[in-house]
Amino acid sequence: MAGFLYNFAETINSIMRRTRWITLVALACLVWTACVKQGPMGRHESVDPPREVTKLVLSEQDWIRYVGHEDYVNENGVLEKVEHFHFTYTGNNYFVVRIIRPEDFESAYANDAAEFFQYEVDALLSDAKSDGVAFYQYTDEVFTSVNKDILFNRLRHGTWIAFMFELSGEGSLTGNYAETTFTVEEEVATEAFRRWIGDWRVSNGLVGYDLTVTSLDNNYLYAVDGWERGPAVAFQMDQEHIEAEFWAEDGCMYICSQFLGSYEDTDFGWGTVDELFMGNIFDSNGITLVTDEGIDLAVAVMEGENATLSPCSVTLSTGSGDYTTTFHSMQYYMWAHKDGEWHPYNENVAQLPLTMERIGTRSSATEQPLAALRPVSRASIHHQQMTVHRGGRKTMARKFTTKAR
């Protein structure tokens, strides 16, 4: 069949997923994005299972109130959605806020609040140790103020439980906590949001994919299904989808680097692995992987009935100084805990920019993605934790390691 309507052969699908790993080398730097989105970047690592919680006595307090899912005009005059909470903490220590869906709280933690708190505290302390800072220096997630209104980044629709729990100065759980259950209603899809829903053929003339875009949350999130499928790639990512964000300010669709999930690999002996969708740049080391989550990699701009998927730019600060470049490409990666290395699934992926030709529409903005839903794990719950709102599509800079091929 002509063009990029692919009929995949069974022999392609049977190629081993972990052959010909690309050699990776390290480069330390800081990162800012020019195609940016709100909120600080996440961390790619899954956390280890929590240590035993021995007889932690929980004492529920009346410290938290969900005010609502609100419109907020940021410092740049841009209207955004935020989650508004009011806290009346009466202690002299620190508190952390964590959210979870009720069904996930039951399936991952058997509704055990102490175990959930301990898992998140262990992750917080591990991150702080790796970054060489005190845990309370993460001011986007660790708080001390009394009678404080805090705006958090937008949540997708559905019912949530918000927990706040108290930590001592050493980072130990005191047992004091508060919780509230609330619901974020899904909005009615706008025409601007609906324009991206449908089937698209993306191509740079050499490599391309047929993508299906469906709604995950009206006026907020899309599922993009079909990346890294076709004769140009060895391993077909047919059970995966990535998420993209609709930005009402410009009507564009942004794809960012993102954590997908963790699993135990028994076929090839890699042990615990994380799957992520990440961006590459091209520099003196060749094609270099940028390993932070939450960075805008590409932006889709509508042009009539079709569109262009253009790379976002990124500023890297190294020992030799700062420089700005654009993303070369984006693809699925695996982080193997056993060897502490990044492994790409495919060496040959589409280089940005890409043309987007519309090849089909869908009648409903709420159709489910074609890719299989990912199982919920403690690691995936940890990675979806919200943080204090920064606004204006800004991404916080933080140290990270890039690895090149």
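For the range 186-193, take each phi angle, set θ = phi - 60°, evaluate the Karplus expression 6.51 cos²θ - 1.76 cosθ + 1.60, and give the result in whole Hz per residue in order, putting x for glycine and proline.
Rounded to whole hertz, the list is 6, 7, 7, 5, 7, 5, 4, 5.
Once the Cα atoms of the range 82-161 are picked out, what are the Rg and Dmax in Å?
Spelled out, the Cα radius of gyration and Dmax of the range 82-161 are 13.9, 36 Å.
Report Rg(Cα)/(2.2 N^0.38 Å) for the range 63-217, keeping two decimals.
Computed over Cα atoms of the range 63-217, the ratio equals 1.31.
Quick one: Debye curve from the alpha-carbon atoms of the range 187-340 only, equal weights, vacuum; give me log10 I(q)/I(0) at q = 0.11, 0.14, 0.15, 0.19 Å⁻¹ to two decimals.
Treating every Cα as an identical point scatterer, log10 I(q)/I(0) equals -0.49, -0.78, -0.89, -1.29.
In terms of modelled amide H atoms, which long-range or inter-chain residues lie less than 5 Å from the amide H of E341?
The answer is A336.
Name the long-range amide H neighbours of T326: under 5 Å, sequence gap of 5 or more, or other chain; modelled H, no Pro or chain starts.
V314
Under a no-solvent Debye model with one identical scatterer per Cα of the range 158-213, what's log10 I(q)/I(0) at q = 0.15, 0.19, 0.20, 0.26 Å⁻¹?
With no solvent term, the Cα-only Debye profile gives -0.70, -0.82, -0.86, -1.01.
Quick note: the coordinates plus some simple rules give every number you see, no bench work behind them. Since this is a predicted model, take the numbers as computed values, not measurements.
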